Every structure is written in C-alpha cells, then in structure tokens.
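The values are calculated or read from the model by the stated rules, or taken from the named source; none is laboratory data. No experiment lies behind these values; they were computed from the predicted model shown. Cβ coordinates were reconstructed from backbone atoms using ideal geometry, including for glycine residues, and neighbour counts include every protein chain displayed.
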Amino acid sequence: MSMTIGLAGKPNSGKSTFFKATTMSDVEIANYPFTTINANRGVAYIRADCPCTETDKKCGNCDDGIRFVPIEIIDVAGLVPDAHMGRGLGNTFLDELRQAQAIIHVIDASGGTDIEGNPVDIGSHDPMDDVDFLNHEITMWMVGILKRNWTKLSRKIKAEGLKLEYVIADQLAGAGINDVQVHTAQRNCNLLTDHVKWVDDDLIKLCDAIRIISKPMIIAANKADIAPNENVRNLTGLNMIVVPTSAAAELALRSATKSGAISYIPGDSDFTIVSGKLSGAQKTGLENVRTFIKNTGGSGIQECINKAVFELLDLIVVYPVEDEGKWIDKNDHMLPDAFLMKKGSTAHDLAYMVHSDIGDRFLYAVDGRTKMRLGEKHELNNGDVIKIVSTAK
C-alpha cells in the first residue's frame with residue numbers, strides 16, 4: 001500500500017534532522033526557525049524480521065535478516081500557534097500534511113526552544129505545552145475550510161436531501177478526508193440532527209473527531225539525549241504513543257556508516273567501529289552516542305517509525321511469492337516483495353494489491369509455511385509468505 005508519514009512540529013524541534021537521519025537526504029539544518037520552507041519528501045523504512053532467516057538460503061533483500069520496507073516521509077514547514085490563521089508559514093504546512101496517513105509530532109523534549117521555535121536555555125520551556133497545539137491547529141484548519149461556505153451548504157443539504165457526510169467530505173477533500181471518516185466522526189460526536197442549527201463549537205467538535213480518525217499522531221520526544229529526565233518522564237507518561245528520540249544521534253550513526261567508519265543497522269542499540277582512521281574527537285563523539293543508545297535501546301528514530309506504522313496505523317507486512325516451496329518469483333528472486341497491509345486484510349485483498357487482474361481472477365491462496373490452501377476471506381498475519389492462485393486469462 002502507498003504509505004506516507006508526515007513529520008510536523010514547531011520550528012527548530014529537530015524535524016529536519018529526523019528527516020535527514022531517516023532518508024540521508026541533503027536538507028538544510030540550522031538553529032533558527034523556518035529552516036524548512038517547502039516540504040522535503042524522501043523515502044524512510046520500517047524495520048521487520050525477514051522470513052528468509054527460517055530457511056537455509058538468504059533472500060538478498062535484507063540486511064542480516066532485517067528487512068527494510070520503504071514508505072514516504074514528508075518534513076513540512078515548522079508550525080507556530082495560530083498557523084491556521086496565517087501566522088508563520090500559515091496554511092502551507094497544513095496543506096502539505098493532507099496526504100499523510102499518520103503524523104509524527106516532533107517535540108523538543110529538552111525545553112531548549114520556546115513555543116515559537118526560538119532557541120532558549122535548555123530546560124526553560126516546558127515541552128508539555130507543545131503537545132496540544134498541533135492538534136488544535138489541524139482541527140482549526142479543517143474548521144476554516146468548512147466555515148467558508150457552511151451556511152449555504154447546510155441549507156442546501158437540508159433542502160435537497162443530500163448526504164451530510166458526502167458534502168463535508170467533498171469540502172475537506174483537500175485535507176485528505178473521505179466520507180467514511182466523516183460519517184464515523186459524526187456518529188462519535190452526538191451532534192444535533194438538524195445541522196443547520198450547528199454553531200462554531202459544533203463544527204470544532206466535528207473537525208476534532210475527524211482529525212483524530214484521519215490524522216492519527218505519535219510523539220517523538222526529540223533531543224532526549226540532552227533533555228532533563230523530568231521532561232522525558234512527563235512526555236512518556238501521556239496517554240498516547242510517545243518515543244524518546246535523538247535525531248542527532250541517529251544522523252551521526254547513519255553518516256558514520258555511510259562514510260565507512262562504523263557498521264550499524266538502523267534500530268540497533270550498538271554499532272561496531274570498522275575504520276582505523278578515526279580521530280580522537282570522532283572516537284569520543286561515537287562513544288558518547290554509544291552510551292546513549294545502549295542506555296535507551298537505540299536512538300528511537302527507527303522505533304518511532306515502526307510504531308507509527310505497526311501500532312498507530314495497525315499495519316502488517318506480507319510477502320507475496322509465486323512458488324510457495326522456494327518462496328521465489330518467476331525470475332527465481334527470493335521474497336522479492338514486501339507489502340504493507342491493514343491488519344485484518346484477507347488473501348483476496350493481497351491478490352488485488354499484487355494486481356487488479358489477479359484480484360479479479362482469484363481462486364485461492366497458499367500459505368508458504370504450512371502449504372495449506374487459504375480461502376478468499378482468510379485473514380493474513382504479520383510476516384505471512386503467501387502464493388496467490390488465479391485463473392488463466
């Protein structure tokens with residue numbers, strides 16, 4: 001499936017460092033607000049165990065049994081309070097988030113930047129103050145879109161008997177919203193059945209519910225390597241998914257790997273120095289990073305991406321093959337593809353993901369491990385290796 005994760009947050013929270021660490025793209029990183037003006041797009045990867053570790057043969061598509069499955073990631077312009085009213089870069093950042101299925105809210109856990117993203121002394125700003133305002137800005141962005149024509153639209157819906165969710169979804173299509181999400185949100189809100197009588201608070205309540213459904217969010221408590229322990233503790237105590245991260249540590253590890261200085265697999269809690277040409281300062285810097293990732297189980301960046309995909313969005317990885325015995329395709333490539341699918345997806349859903357024609361001509365599937373035949377409604381599990389059998393054209 002096409003998967004896009006948005007990186008959002010106030011300026012100078014470490015979004016661009018997070019983005020560069022995951023994609024190794026050449027983006028500007030600086031210690032002042034609005035370094036990012038136009039959205040940066042790149043490819044990041046979720047980390048999964050490769051099924052080839054269960055066989056005597058290695059697939060050639062993994063790194064020592066670790067499979068990295070690509071997703072798109074967007075680093076959008078920094079957000080300041082009242083961006084929905086045009087402050088800072090205003091609605092630019094909000095418009096760029098419309099394609100995101102989920103959002104990683106990058107927060108400066110060190111408290112070293114104020115609410116506007118300006119540098120201040122570490123610990124002088126409470127990062128808990130940064131948690132809610134992104135949600136508020138996204139909600140009010142949607143409210144602003146709806147309010148433009150709401151009086152006229154609400155009367156038209158009533159006069160012509162139109163489906164409310166279709167009309168609202170059409171208005172919010174630019175925000176990446178569909179009618180199913182609107183219908184679910186409306187059901188959860190218990191609003192007046194006569195929508196003509198809705199006031200601003202009703203629209204805010206509805207848009208807030210739509211936001212929760214359409215733009216689920218995970219928090220990256222960034223700069224955790226320099227943050228006061230109390231700040232990290234408060235953030236991780238929130239009733240949502242929060243991952244302490246150090247984008248700077250991950251970028252240092254990725255850069256050192258790229259230069260041949262170390263051997264490191266993203267998500268690991270240690271690395272191996274392989275170059276004998278490092279200076280004393282480089283060795284000291286790497287040892288400081290090693291201490292941090294050993295104590296915390298990693299830099300948190302890979303964990304954050306994985307949790308956004310597997311926990312927040314509830315996805316699984318499935319491996320389609322053409323030979324259920326050797327786990328290969330017609331060109332003898334072992335485990336050539338890895339698909340991200342919603343948990344609860346069926347064998348027939350996988351057939352359509354492989355190709356619409358194969359979905360139309362689906363007969364049955366075969367489990368690559370048990371060799372059992374699976375019907376079209378069989379629910380797939382994370383890590384399944386599946387052969388699809390279809391009728392000939």
Those helices (runs of 4 or more DSSP H) completely within the stretch 290-360 that have 1 or more residues that are closer than 27 Å to K58 by Cβ and either of a type outside the set (D, E) or in contact with a Gly (Cβ under 9 Å, 6 or more places away or on another chain) (or both) are 301-307, 347-354
If you go through S246, S275, S259, S255, the only one that is touching a Phe, Trp or Tyr at 6+ places or on another chain (Cβ under 9 Å) and either farther than 25 Å from E160 by Cβ or free of Cβ contacts under 8 Å to residues at least 24 places away in the same chain (or both) is S246
Just one listed residue, out of L335, L278, is more than 17 Å from S2 (Cα to Cα), assigned by TED's automatic domain parsing to the domain that holds K223 and surrounded by 13 or more Cβ atoms within 10 Å (Cβ to Cβ), and it is L278
Within the stretch 176-193, restricting to residues that are touching a residue at least 12 places away in the same chain (Cβ under 8 Å) and over 18 Å from L313 (Cβ atoms), the one that is surrounded by the most Cβ atoms within 10 Å (Cβ to Cβ) is V182
The number of residues in the stretch 59-91 that are at pLDDT 60 or above, of a type outside the set (K, R) and either part of a strand (DSSP E or B) or under 13 Å from A39 (Cβ atoms) (or both) is 14
All conditions in (1) in a helix (DSSP H, G or I); (2) crowded, with 20+ Cβ neighbours inside 10 Å; (3) modelled with pLDDT under 90 are true of F133 except (2)
Sole miss for R155 among (1) within 26 Å of the chain's Cα centre (by Cα); (2) modelled with pLDDT of 85 or more; (3) not in a loop (DSSP other than H, G, I, E, B) is condition (1)
For A365, are the conditions met, namely being of a type in the set (G, A, S), modelled with pLDDT under 95, farther than 20 Å from S2 by Cα and over 28 Å from the mean Cα position of the chain (by Cα)? no
- prompt: Is one or more of the residues making up the stretch 303-314 within 24 Å of the chain's Cα centre (by Cα), under 22 Å from K15 (Cβ atoms), exposed (fewer than 14 other Cβ atoms within 10 Å of the Cβ) and not β-branched (V, I, T)?
  reply: yes
When I265 is run through (1) buried (at least 22 other Cβ atoms within 10 Å of the Cβ); (2) in contact (Cβ under 8 Å) with a residue 40 or more places away in the chain, the failure sits at (1)
Subset of the stretch 216-263, residues β-branched (V, I, T) and in a strand (DSSP E or B), comes to I218, I219, V242, V243, I262
Reported set for the stretch 158-172 where residues are assigned to a helix (DSSP H, G or I) and either touching a Cys at 6+ places or on another chain (Cβ under 6 Å) or not basic (K, R) (or both) is A159, E160, L164, E165, Y166, V167, I168, A169, D170, Q171
